Amino acid sequence: MVETKRWNVMKTGTNNEMRIIEAGELLKAGETVAFPTETVYGLGADATNSVAVAKIFQAKGRPQDNPLIAHVATKEQLFQLVESVPSYVEKLIDTFSPGPITYVLPSNGTCADNVTAGLTTVGVRIPSHPVALKLLKACNTPIAAPSANLSGKPSPTTAEHVWDDLHGKIAGLVDGGPTGVGLESTVVDCTQDIPIILRPGGISLEELEEVVGKVMMDPALQSASATEKPKAPGMKYKHYAPEVPMWLIEGGSEKIQETYIQLKAEGKRVGVLANRNILEKLTVDEKISLGESLEEVASNLYDGLRKFKQGDVDIILCDTYPEIGIGQAVMNRLRKAASRYIVE
Ligand code: AMP
Ligand code: MG
């Protein structure tokens, strides 16, 4: 157990800059510090220091073969980590960075081997959250940072989520309030002539195509077959799982109500996670609203999944969403979180 230092950087009229500098000092000294980004909270360590990076894997219980994303403050710093890149990369960076997008590029070896999990490529991103940017500038070194949750659990969108999972296991936590997007960055393989989405996220396929033309989806994302190997190593692992089993239900409020009645007849306590307009039509024990728009659903999803606790309900029923825009990322996470997918 280590003592986890906690800084609140949302206090008005106080010295938040000093708190961020203090957190940066811990990172520079080779310690792990969790911090807010616009996607989810990240667990950071100096990406050039393999001993520091090893502490991330240790704290999260993360499989060793799952590479980390290196975070930098500027485009110049991004280019310092990679070999030459296809011309479309600069267009993507100028349009979407800082923002929720990660570029997988040939590594030039600046990042430690355990950041890339021994791959020849490195995932790099420039976060847009002001606290993340200030912290990166304060320590002036690339920071490797996966989501700041225990491996397998839903990613953290508040400092409380991070505290629940990791206090006593990490050196520091910068509390900057709830994150915005609520789902992780879009991971784009930029080593080929055409960019390939390895993980859908905050920037949609449609948005990318508007800037660079044709963009592909990693076939492993669409296929349920085990033969199709995802190119982002992390995509093969169990992910985002709530404490109790979650069933994903296609077919709207009627199908959810029908499944609920069947489960009640078996003596189960059932919680429902859905949009406000769906919940209004249902008679159920427990319910949590994800809001209205797809953006709200993305932003509230992980908190919703974490709120249903063992002892309160035996099973969670969750609605499905159209796979357009951020809906692609929402459905990607829901399919991974679900223990069963009921199709109408
Ligand atoms: P996390 O930071 O926990 O949200 O996970 C980062 C995601 O990016 C995982 O799915 C990784 O497998 C993926 N990733 C990171 N670096 C690379 C890389 N060099 N090549 C392919 N995928 C990567
Ligand atoms: Mg993660």
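The values are calculated or read from the model by the stated rules, or taken from the named source; none is laboratory data. Fair warning: this is a prediction, and the values are worked out from it, not measured in the lab. For neighbour counting, all protein chains shown are included, and Cβ atoms are generated from backbone atoms with ideal geometry for every residue, glycine included.
Yes/no matrix, rows are residues, columns are (1) crowded, with 18+ Cβ neighbours inside 10 Å; (2) of a type outside the set (F, W, Y); (3) assigned to a loop (DSSP other than H, G, I, E, B); (4) in contact with a Pro (Cβ under 6 Å, 6 or more places away or on another chain):
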| position | (1), (2), (3), (4) |
| --- | --- |
| M235 | yes, yes, no, no |
| K238 | no, yes, yes, no |
| A241 | no, yes, yes, no |
| I261 | no, yes, no, no |
| G291 | no, yes, yes, no |
| E323 | no, yes, yes, no |
| L334 | yes, yes, no, no |
Residue among K11, K55, K60 that is modelled with pLDDT of 95 or more and away from ligand 2 (no atom under 15 Å from the Cβ)
K55
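Going by the conditions given, is P127 farther than 20 Å from H239 by Cα and either modelled with pLDDT under 95 or under 13 Å from the mean Cα position of the chain (by Cα) (or both)?
On the way: farther than 20 Å from H239 by Cα: yes; either modelled with pLDDT under 95 or under 13 Å from the mean Cα position of the chain (by Cα) (or both): yes.
Taking the combined requirement at face value, the residue satisfies it.
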If the requirement is being at pLDDT below 95 and within 16 Å of ligand 1 (Cβ to nearest atom), which of these qualifies: V115, V104, V85?
V85
Out of the stretch 118-177, which residues are within 13 Å of ligand 1 (Cβ to nearest atom), more than 24 Å from L305 (Cβ to Cβ) and of a type in the set (D, E, K, R)?
none
Within the stretch 130-145, restricting to residues that are surrounded by fewer than 24 Cβ atoms within 10 Å (Cβ to Cβ) and in a loop (DSSP other than H, G, I, E, B), the one that is nearest to ligand 2 (Cβ to nearest atom) is T141
Scope the stretch 130-163; condition within 16 Å of the chain's Cα centre (by Cα), over 15 Å from V174 (Cβ atoms) and not hydroxyl-bearing (S, T, Y); matching residues
A144, P146, N149, L150, G152, K153, P154
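Just to be sure before I move on: is V181 crowded, with 16+ Cβ neighbours inside 10 Å, hydrophobic (A, V, I, L, M, F, W, C), assigned to a strand (DSSP E or B) and within 16 Å of ligand 2 (Cβ to nearest atom) in the structure I sent? Break it down stepwise before answering.
Values: crowded, with 16+ Cβ neighbours inside 10 Å: yes; hydrophobic (A, V, I, L, M, F, W, C): yes; assigned to a strand (DSSP E or B): no; within 16 Å of ligand 2 (Cβ to nearest atom): yes.
Against the criterion (crowded, with 16+ Cβ neighbours inside 10 Å, hydrophobic (A, V, I, L, M, F, W, C), assigned to a strand (DSSP E or B) and within 16 Å of ligand 2 (Cβ to nearest atom)), V181 does not qualify.
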Examine the stretch 22-29 for a residue that is farther than 21 Å from K169 by Cβ and touching a Phe, Trp or Tyr at 6+ places or on another chain (Cβ under 9 Å), and state whether such a residue exists.
no
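Condition check: more than 29 Å from E243 (Cβ to Cβ), of a type outside the set (D, E, K, R) and touching a helix residue (DSSP H, G or I) at 6+ places or on another chain (Cβ under 8 Å). Does V212 satisfy that? Before you say what the answer is, go through the steps one by one.
On the way: more than 29 Å from E243 (Cβ to Cβ): yes; of a type outside the set (D, E, K, R): yes; touching a helix residue (DSSP H, G or I) at 6+ places or on another chain (Cβ under 8 Å): yes.
Judged against the criteria, V212 is a match.
Which of the residues belonging to the stretch 25-45 are crowded, with 24+ Cβ neighbours inside 10 Å, away from ligand 2 (no atom under 16 Å from the Cβ) and over 19 Å from D164 (Cβ atoms)?
Our first condition is that a residue be crowded, with 24+ Cβ neighbours inside 10 Å; within the stretch 25-45, this holds for 27, 32-37, 39-45.
Pick out the ones that are also away from ligand 2 (no atom under 16 Å from the Cβ) and you get 27, 33.
Hit for the stretch 25-45 is L27, nothing else.
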